[in-house]
Each structure stands twice: as C-alpha cells, then as structure tokens.
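Participant: Dropping a structure here in structure tokens format, bear with me for questions.
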Amino acid sequence: MDDGRGRMRMLSEAEAKPLIENEFQGLPVDHFFRVGETVELKGSKFRVKSISPKGLKLKLLPRNLES
C-alpha cells in the first residue's frame, strides 16, 4: 500500500480485509496493489511482479495488435 510518503508498506490482515471486500463489491479502492495484478499506466499494461518498501517491480505486457 502507498503510505503517502513515497514508500510502499505491507498491510496487516485487519487493514487489508475491508479493502478486499470493497474491491469484490465493485467499489473503488485506491493505493492498493497485489502481486499478479494487471495495471495500466499511460496506455501500457503491466503486471505487478513484486512489491517492496522501495516500490513496485512491473513487467510490461505485450499489446494485442489486430491486423
């Protein structure tokens, strides 16, 4: 989770539970990433490979080009 001070931190189970429940109910959840999640930044898609206090490690996903 983004701690608002430029660092990432792990959530406790008690902190994560309401965020996960909101996500499954279709409610917006900000500042919450999971390993394996696909995110879009400036038109490109990435998969979250790992999360550490220093940030996220992302893998660029190929575009689905139609001919």
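Participant: Being part of a loop (DSSP other than H, G, I, E, B) and either modelled with pLDDT of 85 or more or on the phi > 0 side of the Ramachandran plot (or both), is that true of even one residue in region 38-52?
Facilitator: Of the residues in region 38-52, the ones part of a loop (DSSP other than H, G, I, E, B) are 42-43.
The next check asks that each one be either modelled with pLDDT of 85 or more or on the phi > 0 side of the Ramachandran plot (or both); those that pass are 42-43.
Yes, region 38-52 has at least one match.
Participant: Can you run down the residue pairs with Cβ atoms below 9 Å, 6 or more apart or on separate chains, where the first is in region 32-54 and without any contact (Cβ under 8 Å) to a residue 40 or more places away in the chain and the partner is of a type in the set (Phe, Trp, Tyr) and part of a strand (DSSP E or B)?
Facilitator: Thr38/Phe46; Val39/Phe46; Glu40/Phe46
Participant: Name the residue, out of Phe33, Phe24, that is at pLDDT below 85 and within 10 Å of the chain's Cα centre (by Cα).
Facilitator: On inspection, the qualifying residue turns out to be Phe33.
The values are calculated or read from the model by the stated rules, or taken from the named source; none is laboratory data. All figures in this text were calculated on a predicted structure; none of them were measured in a lab. Here the Cβ is made from the backbone with ideal geometry for all residues, glycine too, and neighbour counts use every protein chain on show.
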